[in-house]
Amino acid sequence: MVFKATPSTLKILIIDDDRDTCDLVRSVLEKENYQVLTTTQPQSALRLLQHEAVDIVILDIMMPDLDGLSLLEALRRETQAPILMLTALSDPRVMQQCYHLGASDYLVKPFAMSQLKERVRRLAEKIPPRMVPDTSWKAHFRLDPQQNLLLYNDTPILLSPTETRLFQFLMDNAFHEVAWESLYHAGWGDEILPEATARALVENTIRSLLYKLQPESGETLLIQSTMGGYIFLPE
């Protein structure tokens, strides 16, 4: 099924290894009523695009794990959505290379937020029709929160109430990076604990979930750690 996004449903993906930049740009764009996804992990962006209908991509160039130029080239094989490069590099040769690899626009840091909003508005006019995202993975994960029971590929797995709450949150945000703080609030509510204690609770619960889901070592982890939290990759 193909449909074209309206302004109120337009979805933007921000890829930047700097969490502060992600949060700032997301805050600005959400005030413009855009839906915004962020990731600090370049590799996870490619997996996300296989399951999410994204209308615009905002991409940093200088990242440690996979440079933005290589990712730009890979992204162009996954999506025709306009791509806006955000970078501190003002070298015309780099700019020309970005356009050659398929970038739609190029904005040099530091920039005014009014510039960012105007660039996004212009790119929104170029949005192509998009496909409805594939959610077939959900058939392999059937969670009963009342019974704290997960059917993973039809195999019953008994979870603790906290594991159930965390896994429900991860399923609801599949292919999206989620901060450990968000997972803590999903599992333990508003209970106030020292940061180290809260983080340890999340880490131990994720470790327990992985042991129940994937007891065999060597498998690609369904729940992977990121710089700021975790990401659930069901496929």
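The values are calculated or read from the model by the stated rules, or taken from the named source; none is laboratory data. Everything numeric in this text was worked out from a predicted model, so none of it was measured. Here Cβ is always computed from backbone atoms with ideal geometry, including for glycine, and neighbour counts include all displayed protein chains. Surface areas here come from the heavy atoms of the whole protein model, side chains and all, with no ligands, DNA or RNA. Shrake-Rupley method; radii C 1.70, N 1.55, O 1.52, S 1.80 Å.
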Hey, can you rank 184-197, 68-81 by average C-beta count inside 10 Å, highest first?
68-81, 184-197
Using alpha carbon coordinates only, what is the Rg to Rh ratio of region 73-122, with Rh defined as the Kirkwood radius?
0.97
Taking only C-alpha positions in region 163-216, Rg and Dmax in angstrom work out to 11.2, 35
Helix 161-172 versus the longest principal axis of the chain: what angle, 0 to 90°, nearest 10, using Cα atoms?
30 degrees
Value of relative contact order over region 73-124, rounded to a whole percent, pairs C-alpha under 8 Å and six or more apart
40 percent
Would you work out the charge dipole size for region 172-235 about its Cα centre, treating the Cβ of every Lys and Arg as +1 and the Cβ of every Asp and Glu as -1, and quote it to the nearest 20 debye?
160 debye
Partner lysines for Lys109 [C-alpha distance under 25 Å; skip if fewer than 8 residues away on the same chain]
Lys11, Lys31, Lys117, Lys126
Convex hull over the alpha-carbon atoms of region 22-144: what's its volume per residue in Å³?
135 Å³
Could you tell me which residue out of Ser104, Trp137, Thr197 lies farthest along the dipole of the chain toward its positive end? Charges go on the beta carbon: Lys and Arg +1, Asp and Glu -1, centred on the Cα centre.
Ser104
Carbon and sulfur %, accessible surface of the chain computed with the full protein complex present, 1.4 Å
51 percent
Using Cα pairs closer than 8 Å and at least 6 residues apart in sequence, work out the relative contact order for the chain, in percent.
18 percent
Quick one: Debye curve from the C-alpha atoms of region 113-215, no solvent, what's log10 I(q)/I(0) at q = 0.17, 0.18, 0.19, 0.20 Å⁻¹?
-0.83, -0.88, -0.94, -1.00
How large is the accessible surface per residue of the chain, computed with a 1.4 Å probe and reported in Å² as a whole number?
51 Å²
Using alpha-carbon pairs under 8 Å, 6+ residues apart, how would you state the relative contact order of region 101-235 in percent?
20 percent
